[in-house]
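Peer 1: For reference, the structure I am asking about is given below.
The values are calculated or read from the model by the stated rules, or taken from the named source; none is laboratory data. No experiment lies behind these values; they were computed from the predicted model shown. Glycine also receives a Cβ, built like all others from the backbone with ideal geometry; neighbour counts cover every protein chain displayed. Accessible surface is based on the protein model in full, side chains and every heavy atom, while ligands, DNA and RNA are left aside. Shrake-Rupley method; radii C 1.70, N 1.55, O 1.52, S 1.80 Å.
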Amino acid sequence: MLSQPEPACLVIADISGYTGFLAGAELDHAQDILADVMGVVVGAFRPTFRLAKLEGDAAFVFAMTETVDGPQLQDTIERCYFLFRRRLRDIGQASTCECNACILVPNLDLKVVAHHGRIVRQKFGSREELVGSDIIVVHRLLKNHVPDATGFSAYAMYTDACVIAMGIDDPIAARLTEHVEAFDGVGEIRAWVRDLHAAWDAELVRTQLVVEPKNTALRFEAVLQAPTPLVWDYMTSPARRPRWQHGVTGVVEAAGTTGRRGIGTVNHCMHGKDAIVEEVMDWQPYDHVTYRSLLPIPNVPKLLSTYLFTDLGDRRTRVELRFGKPRSAKDQAIAMPLLPMIDEMVTDGLAHLGPLVEAAARDAEAAAPPEPALPASLGRNAREPVAAAGR
């Protein structure tokens, strides 16, 4: 029986500058560096995306889905770029080797192309191959004129089809730049581009806001048998939060003018007719999120809380929830009597979250197709890759 076409999000992350790097470098060191950074790139997309194929200096990943969580995809791609840049920096700082490969590492960069379409999954023994016209489209887009047209040398390109699947109504308001490519046999393809160098520059100067231990009034911790991106999704997605949070009947999200979840997003966390109004004060995907919340109780001050996520490896995640003390003695006197209520709500929520997210992780792993093996790095370039873009 022939496989039927299925909707999928298709992403290719391509290490640019690698041909020149390889030509001017010692082959063994160059291949080791490629294996090292490719492991970082592929790891940044897991487990939401699965590796379809390694294509020299590019990784082709995919996720079977009818719709795409737009903020999550953009966060994933930008986090991938941040981890890539940090890994190059670590290799440069930690390596004592003076060969051309190690010297030329800063010349490497990354471009990412994301498309949404329909594909057919064909199995050849234990191996799975993705086929279809949309596979051709996403690969053709790697050879484009984005640098000439925009000046962006590192970028994320989202096709029109991907943007529609992401639910972005106004790409310009979302701070994406329009770009059109034309290919023989394919025609014109409109896409929307984000400058990853600009995103990296903003990341380097951003300030972090978390509830520090000394300022914590309530603290909770749990270890979940699920990968960190999945736990993050369940704890921050408006669609998923009502499934586990105590008394929550819905979460209405106002993402601001960019339409992207992050700093400045305001959530109305509905408890029947009442609402807790949350403002996102800090947003570091898969690392931490900080909210400032206004409870539907007269005269209660806004309360600060931080959720921290630690990847423990082996598909396990530690989550830590810190609820901050108000600064003034007056506000503390009003807020502190509410701690038993908050304690009950959070404890009950975590008790429901654990089985839910762990079952989702098991189901996803059972349904996932096998992945190609990544090339092994000899590990001579530096310390271990960083696990998170924040701390």
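Peer 1: For the chain, what is the accessible area per residue in Å² when the probe is 1.4 Å?
Peer 2: Result: 47 Å² of accessible area for each residue.
Peer 1: Another one. Rounded to the nearest 500 deg cm²/dmol, what is the calculated helix-only ellipticity per residue at 222 nm for the chain, with -39500 (n - 2.57) per DSSP H run of length n ≥ 4?
Peer 2: Result for the chain, helices only: -10000 deg cm²/dmol.
Peer 1: Among residues other than residue 128 whose Cβ falls under 11 Å from its Cβ, what is the net charge (Lys/Arg +1, Asp/Glu -1)?
Peer 2: My count for the surroundings of residue 128 gives +3.
Peer 1: Counting only protein heavy atoms and a 1.4 Å probe, tell me what percentage of the chain's accessible area is made up of carbon and sulfur.
Peer 2: 53
Peer 1: Provide the percentage of antiparallel DSSP beta bridges, counting only those with both residues in the chain; round to the nearest 5.
Peer 2: For the chain, the DSSP antiparallel bridge percentage is about 95.
Peer 1: Please tell me the relative contact order of the chain in percent, rounded to the nearest whole number, where contacts are Cα pairs under 8 Å and at least six residues apart.
Peer 2: Relative contact order of the chain: 18 percent.
Peer 1: Further, regarding this structure: Quick check of the Kirkwood formula: for the stretch 112-271, what is the inverse mean of 1/r over all pairs of different Cα atoms, in Å?
Peer 2: For the stretch 112-271, the Kirkwood estimate is 19.5 Å.
Peer 1: Quick check: net charge around residue 199, other residues with Cβ under 14 Å of its Cβ, Lys/Arg +1 and Asp/Glu -1?
Peer 2: +2
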